[in-house]
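Chemist: First, the structure itself, so that you have it in front of you.
The values are calculated or read from the model by the stated rules, or taken from the named source; none is laboratory data. All values derive from a computational prediction rather than experimental measurement. Cβ atoms come from the backbone with ideal geometry, glycine included; neighbour counts cover every protein chain shown.
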Amino acid sequence: MRIDPETVERIKQAAAVADVIGDYVTVKKKGANYWACCPFHGEKTPSFSISPSKGIYKCFGCGKAGDSVRFVMDIEGLGYGEALRHLAKKYGIDIQEEEMTDDQILRQNERESLFIMLDYAKEFFKKQLYDTEEGKSIALPYFKERGFSDSTLQAFDLGYSPEAWDALLKSALKQGFSQEIIEKAGLVTQKNEEGKVYDRFRNRVIFPIHNVSGKIIAFGARILRNDAKSSQAKYLNSPETEVYHKSSSLYGIHQAKNELRRLDVCYLVEGYTDVISLHQAGIKNVVASSGTSLTIEQIKLIGRFTQHITVLYDGDSAGIKAALRGMDLILEEGLQVNLVVFPEGQDPDSYVRKIGSEAFVEYIKKESKDIISFQANLFLQEAGDDPFKRSELIKEMVLSISKIPDAIQRSLFIQKTSSLMRLEEDVLLAEMNKIHLKNLKQRGGGNSPTGTSPISSQAYTEVQNLIEPVSETGVESYQNLAFYQESECIRLLVNFGHLEINPEKAPGVSVTQYLLEELDGVLFQMPLFNKLMDICKTEFKNSNSLKPEFYLHHTDEEIQRFAIDCSSEKHNLSSTWKDRHEIKVTNEAEMLEDLAYKNVLRLRKVYNDQRLQESLDLMANFQGDPNDMNDLLVNFIRLKEVQKNISQELGTVIEK
């Protein structure tokens, strides 16, 4: 059920933002605010600001921002409701629920039932491992042979599913679980020829899969008998369910998340035992893609904890190719990636057991290579002096570089490739521009192939400037100006919308009322700003005066982050100006009428300048009827007159 608004407010009031964050990082008071080293990215100098008066935080390094609920969501990887329940439990607040629709109740009850069923299955498998003769004689020796200690077995909730056809099914039914929920949890399957339902993971050791918050969402299972004649798969995983989506799950993420933040690097491996062996060796910042191709969802999940990934895959050729396939996806998401290949026949599990944890970590430091160095070392010897093979290799390297969203990083990698391959940078840049232009054409034609991501506006501008530099006098410059003026308009609404614009001249008229009336019918070019304007209109019609707190603690992350950006200042004016030098500094709240009036004028001027530039472009390229040209001239003169009037009103230089 949903938590009612009053309870949500009680939770937020109790969960003081500095106290909540102080449970995870060391905070120090400085003036009215607290400061800390950001827990979301590695830094030595604190740039993470906490404002107790506003109940918000903002990192001036990585941009993370929110309130106490958002912090718990991000740091623990929880949903909004789960974060509220986490804080309610911490501060001893009883949760009051409100009624939901029948469909909502059914959906939530099914999810909760699945979690309960999966947790029961986990305990069943653990009991089979420790408390039955079958488990102790067959499964436990397997784990011991792998070198797993009792504490490791407990840390990962490892278990065993007995050989009996329906041991789990019978046990769950006896405990009152319905067969329907057991099937929906993916714990049983149907025997085709007889239609009989039996345990999916029978006669296998069990590797429970946890989500970020530690709940069991699925299971992986390994067969114990290595019979070459057997048709059974060596590994078996849970099917997709309401709570388990393979493409967005990572094995070991719950156990690794704190170390990922602390060490600011994620070791990405392939299998369950790789994760467990490294964890036991004290290397806990490790997760596995569980034998699947790396997905964007998995990369984003890692990106919530660190921006650095080091891929550790098997030393055979198949493992190397598997590692390379996921690299471009990591680069596209803006994360930094290095690769390590182990000696032939070794994998992370076997190698850490062979040489020990300290030597293993040293090996990673020594052998870790960025994508370009890795590709060059791997294929240069194979290519030799063959110009065709070297050409293909260089194209692969440039293709990988083109995926990097950061222009500076791309430039540095181009320089490195130029040095490694003994080739001019201009040639490599030309090749990269071809790749970008190909993507642009695919996007522009509307026939972009499946899986091809549209190129960003930033990349478009960069390519356009490489081909033909654009001066900042065209429509593009006015679009940038429009963003700033629109942003300033919304900033005034968020921070001062509830205040009177001029209590003496216009008592009762708020900043919100003034701006809504002046901008009636205006459609902003930024979707977020239109969303905020619509909220203001709706609340104003309902006679609600929205204070900054409404936006600062909004459940929409985009709205909340914009509001925090609007109200956060990295540096505050020293009180010495007033106390020692007796210099009065006027604050914005004392000049709202002037700020709002000029903001509206500047916004109108920018929009008018856009139309003026468009009119100039039409006349410059005109090839039609002369009468139509006269209409264009009349429109141009009218727009020019508007421009002149607004400039005079603003007191700015009048355009010629």
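Chemist: Among the candidates ALA167, ALA185, single out the residue that is crowded, with 21+ Cβ neighbours inside 10 Å and farther than 30 Å from SER357 by Cβ.
Modeler: Every option except ALA185 fails the conditions.
Chemist: Now for a different question. So which residues in region 408-425 are surrounded by fewer than 16 Cβ atoms within 10 Å (Cβ to Cβ) and out of contact with any Ser or Thr (no Cβ under 9 Å at 6 or more places or on another chain), if there are any at all?
Modeler: Within region 408-425, ILE408, GLN409, SER411, LEU412, GLN415, SER419, ARG422 meet the criteria.
Chemist: Just give me the residues in region 107-127 being under 14 Å from THR241 (Cα atoms) and basic (Lys, Arg), in sequence order.
Modeler: Those that are under 14 Å from THR241 (Cα atoms) and basic (Lys, Arg): ARG107, ARG111.
Chemist: So, one more: Identify all residues within region 240-260 that are out of contact with any Lys or Arg (no Cβ under 7 Å at 6 or more places or on another chain) and closer than 16 Å to GLY214 by Cβ; write none if there are none.
Modeler: If the condition is that a residue be out of contact with any Lys or Arg (no Cβ under 7 Å at 6 or more places or on another chain) and closer than 16 Å to GLY214 by Cβ, then TYR244, SER249, LEU250, TYR251, GLY252, ILE253, HIS254, LYS257, ASN258, LEU260 are the ones that fit.
Chemist: LYS29 passes all but one of (1) crowded, with 16+ Cβ neighbours inside 10 Å; (2) not in a loop (DSSP other than H, G, I, E, B); which number fails?
Modeler: Every listed condition holds for LYS29 apart from (1).
Per-residue answers, yes or no, for (1) more than 18 Å from SER53 (Cα to Cα); (2) in a loop (DSSP other than H, G, I, E, B); (3) β-branched (Val, Ile, Thr):
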{"residue": "GLY521", "(1), (2), (3)": "yes, yes, no"}
{"residue": "PHE524", "(1), (2), (3)": "yes, yes, no"}
{"residue": "CYS536", "(1), (2), (3)": "yes, no, no"}
{"residue": "ARG561", "(1), (2), (3)": "no, no, no"}
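Chemist: For LEU153, are the conditions met, namely being of a type outside the set (Ser, Thr, Tyr), more than 17 Å from ARG200 (Cα to Cα) and either in contact with a Lys or Arg (Cβ under 9 Å, 6 or more places away or on another chain) or modelled with pLDDT of 95 or more (or both)?
Modeler: Considered against the rule, which asks whether it is of a type outside the set (Ser, Thr, Tyr), more than 17 Å from ARG200 (Cα to Cα) and either in contact with a Lys or Arg (Cβ under 9 Å, 6 or more places away or on another chain) or modelled with pLDDT of 95 or more (or both), LEU153 comes out as yes.
Chemist: Kindly indicate whether VAL265 is surrounded by fewer than 24 Cβ atoms within 10 Å (Cβ to Cβ), among the β-branched types (Val, Ile, Thr) and either more than 29 Å from GLN375 (Cα to Cα) or over 23 Å from the mean Cα position of the chain (by Cα) (or both).
Modeler: no
Chemist: Taking region 393-407 as the region of interest, how many residues are of a type outside the set (Gly, Ala, Ser) and either farther than 19 Å from LEU437 by Cα or surrounded by 17 or more Cβ atoms within 10 Å (Cβ to Cβ) (or both)?
Modeler: 7
Chemist: Next question. Could you please let me know if ARG390 is under 18 Å from MET327 (Cα atoms), surrounded by 15 or more Cβ atoms within 10 Å (Cβ to Cβ), without any contact (Cβ under 8 Å) to a residue 40 or more places away in the chain and of a type in the set (Lys, Arg)?
Modeler: Judged against the criteria, ARG390 is not a match.
Chemist: While we're looking at this one, here's another question. Are there any pairs, at least 6 apart or on different chains, whose C-beta atoms fall under 7 Å, with the first in region 132-154 and among the acidic types (Asp, Glu) and the second surrounded by 15 or more Cβ atoms within 10 Å (Cβ to Cβ), and if so, which?
Modeler: GLU134/PRO162
Residue-wise test of (1) closer than 24 Å to TYR363 by Cα; (2) among the hydrophobic types (A, V, I, L, M, F, W, C); (3) in a loop (DSSP other than H, G, I, E, B); (4) assigned by TED's automatic domain parsing to the domain that holds ILE209.
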{"position": "GLN255", "(1), (2), (3), (4)": "yes, no, no, no"}
{"position": "LEU268", "(1), (2), (3), (4)": "yes, yes, no, no"}
{"position": "THR273", "(1), (2), (3), (4)": "yes, no, no, no"}
{"position": "LEU278", "(1), (2), (3), (4)": "yes, yes, no, no"}
{"position": "VAL287", "(1), (2), (3), (4)": "yes, yes, no, no"}
{"position": "THR292", "(1), (2), (3), (4)": "no, no, yes, no"}
{"position": "GLN298", "(1), (2), (3), (4)": "no, no, no, no"}
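Chemist: Of the residues VAL398, VAL352, VAL340, which single one is hydrophobic (A, V, I, L, M, F, W, C), in contact (Cβ under 8 Å) with a residue 12 or more places away in the chain and part of a strand (DSSP E or B)?
Modeler: VAL340
Chemist: Next up: For VAL197, work out the one condition from (1) more than 19 Å from ILE299 (Cα to Cα); (2) not assigned by TED's automatic domain parsing to the domain that holds ILE182 it doesn't fulfil.
Modeler: The failed condition is (2).
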